[in-house]
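Report on one structure; see the data block that follows.
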């Protein structure tokens, strides 16, 4: 099985070994030490201050998106959501359910985000901005510098869903000015699915989370943070994934975050260069994340390609849904286990279906 998917992605052998061990009892000093070390390492990997609050959730990335909205914002806020695909739309759905007022910049398919799209929201009382740094459904990478400048000028709480971007694209909480970053275990970390992590800077936590009367039993950050200070979680964590996180973060910091980002960038660039040799398989013009490449099929045979690669060759790429089911699939480059040789093999297989 070869995974060119954006999560789960191919895991390191060390990660697989750690995940295959017996889960230990967690209300112990030994487990608390692991959790505290994970918190410290996340702060380093995200390039944020050591007083940034780390929330460990045994839940998917979508749960972390919802928990973040619930804990930071109320019906007194006015949010701006950059919605460029499925996951931008998900932020809108979450805000609608929780009755948090918002406006949105809605991008059409294949439409590039432009800085001037923010102009009409200057000095309009926007209190929070939500963006998926990489919109995984389309591959578009949004310009963090432009969006960050807008947030600073307008005193806006800047929430970055870095679930797909972390360890695939350059990302620093300090450099982007992100007040909140959301990540998940099955993406660039290359772990089993099941945990997500929210980093909230101290100022935002104190001014928003602490003062917000969160109507949730499980997702109240005010209950999680005192627990993490003693190396615990409020409720039973996914212990096996915590062990994987601890092991992987140690290796990430030893090798350097840039090593992982650069590897993903190399695979993405190499794949896209090879794709240019095709006439019926192409990609798009807007800025792309390193993590995934959308492939457009002029012959409308995307579903055939996806199914045949999986069934005949054990190679997994990502199908599109809805109106794009026949015309697009996606190829992810996120795993450190993928090599140039793997990309060459995929390109060789795609020649069977393209001209």
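Please compute the length gained on full extension between residue 98 and residue 202, using 0.36 nm multiplied by the number of residues separating them and subtracting their Cα-Cα distance. Show your work: numbers first, answer last.
On the way: separation 104, 0.36 × 104 = 37.44 nm, distance 2.41 nm.
Net length gain for the segment: 35.0 nm.
Assign one of three labels to segment 257-350, namely rounded, prolate or oblate, based on the Cα gyration tensor with a ≥ b ≥ c the square roots of its eigenvalues; rounded applies when a/c is under 1.5, prolate when it is not and a/b is larger than b/c, and oblate otherwise. It comes out prolate by the Cα gyration axes.
Take every Cα pair under 8 Å in segment 13-255 that's 6+ residues apart, average their separations, divide by the length, and report that relative contact order as a whole percent. All intermediate terms of the calculation are to be shown ahead of the outcome.
On the way: 409 pairs, mean separation 74.8, N = 243.
RCO, segment 13-255: 31 percent.
Can you put 127, 49 in order of Cβ neighbours within 10 angstrom, beginning with the fewest? Mind showing how you got there, number by number?
Details: 127 18, 49 12.
Exposure proxy ranking, most exposed first: 49, 127.
In a fully extended conformation the segment linking residue 112 and residue 259 would gain 50.1 nm over its present Cα-Cα distance, using 0.36 nm per residue. Working ranking of peptides 281-288, 92-99 by packing, defined as the average number of other Cβ atoms within 10 Å per residue, highest first, is 281-288, 92-99.
Between residue 218 and residue 76, the modelled labels are 2.9 nm apart [label points 7 Å from Cα along Cα→Cβ].
What order, most packed first, do the peptides 333-344, 136-147, 15-26 have when packing is the mean number of other Cβ atoms within 10 Å of each residue?
Details: 333-344: 19.1, 136-147: 21.8, 15-26: 13.2.
Ranking the peptides 333-344, 136-147, 15-26 by packing returns 136-147, 333-344, 15-26.
Distance between the 7 Å Cα→Cβ label points at residue 211 and residue 51: 1.7 nm. Under the rule a/c < 1.5 gives rounded, and otherwise a/b versus b/c splits prolate from oblate, where does segment 13-255 land using the Cα gyration tensor? Since a/c reaches 1.5 and a/b is larger than b/c, the shape of segment 13-255 is classed as prolate. List the relative contact order of segment 257-350 as a percent without decimals, with contacts defined as Cα pairs under 8 Å and 6+ residues apart. Relative contact order for segment 257-350 comes out at 30 percent. Packing, as the average of other Cβ atoms within 10 Å across residues, places the peptides 164-172, 229-237 in the order 164-172, 229-237, highest first.
FRET efficiency for residue 23 and residue 351, Cβ-Cβ distance as r, R0 = 51 Å, nearest 0.05?
0.70
Across segment 58-111, C-alpha contacts under 8 Å between residues 6 or more apart give a mean separation that, scaled by the residue count, equals a relative contact order of 39 percent.
Read the figures in this text as sums done on the coordinates, not as results from a lab. It should be emphasised that the depicted structure is a prediction, and the values quoted were computed from it without experimental measurement. Every residue, glycine as well, gets a Cβ built from its backbone with ideal geometry; the counts of neighbours run over all protein chains shown.
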